[in-house]
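Before any comments, here is the structure.
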Amino acid sequence: MGGVPCIRGLRIPVATVVNMIAEGMSPEEIIVELPSLDSSDVAAALRFAADTISDREIPLQSTA
């Protein structure tokens, strides 16, 4: 996958799972859509994303 972080050796990028959560899908819906995953994989994707940005300062954009 060209160095893209994937879920436990599967060819499912972490970003795909995080984007599915961001679009409002529940972990159960993600597992139905990607049956090779389980609930711990979804949690691991979110932990990875959180760890990746935990030491970065990300400016928020004003919505007003």
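The values are calculated or read from the model by the stated rules, or taken from the named source; none is laboratory data. Being a predicted model, the structure only gives us computed values, none of them experimental. We work out accessible area using only protein heavy atoms, side chains counted, and drop any ligands, DNA or RNA first. Shrake-Rupley method; radii C 1.70, N 1.55, O 1.52, S 1.80 Å.
Condition check ((1) in a loop (DSSP other than H, G, I, E, B); (2) open to solvent by less than 50 Å² (accessible area, probe 1.4 Å); (3) not charged (D, E, K, R)) across all residues:
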site	(1), (2), (3)
10	yes, yes, yes
17	no, yes, yes
30	no, yes, yes
40	no, no, yes
48	no, no, yes
60	yes, no, yes
(request) Determine which member of the set 45, 22, 50 is within 8 Å of the chain's Cα centre (by Cα) and modelled with pLDDT of 90 or more. (result) 45
